[in-house]
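Asker: Can you keep this structure in mind? I'll have questions shortly.
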């Protein structure tokens, strides 16, 4: 059984991120052969990366921060990832980028997909996130879920029923992305084991 973790990539007050995170998490839980986990960055209050050596450097000393240790262990036990990523200024959020930077070998040769939102439905942030995944030696999949702006705006207008309706309209997109992610996750897990 493959472990696929949904990473909630925002810690802002009144954030929208947890709504699509729980939505895609429920879709993931409905899949057979998958153990779904939810990794909320609020539960891992990591400082900005400040180490003398990068995480991929041979002989790097063990991490001292408890949240970083827990985060690294969560990434290590996961076989694939869905990043729920807001777009801030044409890029993924700083807190998500920082969480990615704290870890290196534990990301390697694992698949990653994105659920995004923002003024261009998060597309520009996802493009940058894919480049980061490549540098971490991950396999970013082509399929992504881009949440329409009216669904995002419904959150700030206090219309939860409109959010639910907007997400339901893209259920087929989510299922297609999950098909691709699960295929890549399973293939890479077998290859890592070999």
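Asker: With the structure loaded, tell me whether residue 129 is within 28 Å of residue 69 (Cα to Cα), in contact (Cβ under 8 Å) with a residue 12 or more places away in the chain, surrounded by 21 or more Cβ atoms within 10 Å (Cβ to Cβ) and in contact with a helix residue (DSSP H, G or I) (Cβ under 9 Å, 6 or more places away or on another chain) or whether it fails that test. So that I can check it myself, show each step before the final result.
Answerer: Values: within 28 Å of residue 69 (Cα to Cα): yes; in contact (Cβ under 8 Å) with a residue 12 or more places away in the chain: yes; surrounded by 21 or more Cβ atoms within 10 Å (Cβ to Cβ): yes; in contact with a helix residue (DSSP H, G or I) (Cβ under 9 Å, 6 or more places away or on another chain): yes.
Against the criterion (within 28 Å of residue 69 (Cα to Cα), in contact (Cβ under 8 Å) with a residue 12 or more places away in the chain, surrounded by 21 or more Cβ atoms within 10 Å (Cβ to Cβ) and in contact with a helix residue (DSSP H, G or I) (Cβ under 9 Å, 6 or more places away or on another chain)), residue 129 qualifies.
Asker: Exactly one condition in (1) at pLDDT 95 or above; (2) surrounded by 21 or more Cβ atoms within 10 Å (Cβ to Cβ); (3) within 17 Å of the chain's Cα centre (by Cα) is false for residue 151; which is it?
Answerer: Tallying (1) at pLDDT 95 or above; (2) surrounded by 21 or more Cβ atoms within 10 Å (Cβ to Cβ); (3) within 17 Å of the chain's Cα centre (by Cα), residue 151 fails exactly one: (3).
Asker: Then there's this: Looking at the stretch 108-118 only, could you name the residues that are touching a helix residue (DSSP H, G or I) at 6+ places or on another chain (Cβ under 7 Å) and either under 25 Å from residue 59 (Cβ atoms) or assigned to a helix (DSSP H, G or I) (or both)? Show your work before the answer.
Answerer: The initial filter retains those residues of the stretch 108-118 that are touching a helix residue (DSSP H, G or I) at 6+ places or on another chain (Cβ under 7 Å), namely 109-118.
Matches in the stretch 108-118: 109, 110.
Asker: Sticking with this structure for a sec: Please give the helices (runs of 4 or more DSSP H) falling wholly within the stretch 122-194 in which 3 or more residues are under 20 Å from residue 111 (Cβ atoms) and touching a strand residue (DSSP E or B) at 6+ places or on another chain (Cβ under 9 Å). Steps first, answer last, please.
Answerer: On the way: elements: 123-135, 149-156, 160-168, 171-193.
Fully inside the stretch 122-194 and qualifying: 123-135, 171-193.
The values are calculated or read from the model by the stated rules, or taken from the named source; none is laboratory data. All figures in this text were calculated on a predicted structure; none of them were measured in a lab. Cβ sites come from the backbone with ideal geometry, for glycine too, and all protein chains shown count toward neighbours.
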